[in-house]
Amino acid sequence: MSINKEYQINFNKSSELLPESIFQTYTKNVENENSVIEFCKKHNKQLVVMPSGQKAIYFEKYLKQHGINIAYFMDNNSEKHGVLLNNIKVLSFDEFSKNKKDFTVIICTNPDVENALGQQLKNEQFDNYYIEKNDFIGYNNIEIDNPSLILHQNYDRYINLFNNLNDNISKHTLNNRILYLLTQDRSFLEKIKMEETQQYFDIIHTTKDDCFVDCGA
């Protein structure tokens with residue numbers, strides 16, 4: 001089964017219970033290691049993570065837990081140049097360019113930035129880079145490396161949660177969030193975006209005397 005083909009779905013279908021076979025299929029097919037780990041193992045040059053934001057810092061910790069150490073961060077922000085993050089120096093792009101043949105670069109940042117950084121490297125005639133699209137903030141290694149295994153093992157809990165949701169918007173959101181976790185296909189996140197003025201208030205109807213507070217999950 002192809003999740004992307006089967007669940008590029010209309011709203012009604014996305015609000016139905018996901019079949020257990022999805023998690024079984026992906027548990028059988030998925031490798032236990034993220035592909036970026038394999039990429040790092042194949043390259044014996046010094047690893048540079050670009051840029052040096054929060055996601056990259058979490059990513060560096062993830063690599064270290066897999067026995068992989070990076071040599072540098074790299075960032076276009078001049079205020080960060082020479083700064084140590086987790087005892088790792090932040091390079092400027094100029095410093096990197098002088099010794100680029102010695103490096104392999106992994107881009108780990110927000111979707112709206114990653115392609116521009118890749119183009120920046122290409123403009124420098126540098127093709128030895130990898131764009132890492134996984135989320136690392138708030139996830140442990142097993143959730144990143146083999147999410148289908150966790151979802152399959154907890155399918156009963158998923159059913160219980162799904163059945164306790166009273167509206168289709170919530171079910172639609174839960175299902176697309178799970179499908180994103182399985183595939184890292186960001187189109188599933190696009191399906192659950194809501195305008196700020198629409199959040200909650202199609203579900204919860206308040207009066208002028210009510211105060212609604214979102215305290216997180």
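Derivation of every value follows stated rules applied to the coordinates shown; laboratory data play no part. All values reported here derive from a predicted model rather than from experimental measurement. Glycine gets a Cβ as well: all are built from the backbone with ideal geometry, and neighbour counts include every protein chain shown.
Brief remarks on what is shown
- Each Lys or Arg adds one and each Asp or Glu subtracts one; over the other residues with Cβ under 14 Å from the Cβ of Ala71, this totals +2.
- Cα gyration tensor, the range 69-217 - rounded (a/c under 1.5), prolate or oblate: prolate
- Rounded, prolate or oblate (a/c below 1.5 giving rounded, otherwise prolate when a/b exceeds b/c) for the range 81-128 by Cα gyration tensor: oblate
- Computed on the range 81-217, with alpha-carbon pairs under 8 angstrom and 6+ residues apart, the relative contact order is 12 percent.
- Look at the alpha carbon pairs under 8 Å that are at least 6 residues apart: their mean separation over the length of the range 53-123 gives a relative contact order of 25 percent.
- Between amide H atoms placed 1.01 Å from N, distances below 5 Å from Val49 occur with Tyr72, Phe73, Met74, Ile106, all of them 5 or more places distant or on a separate chain.
- Global geometry of the range 150-192, whether rounded, prolate or oblate, following the gyration tensor of its Cα atoms and the 1.5 cut on a/c: oblate
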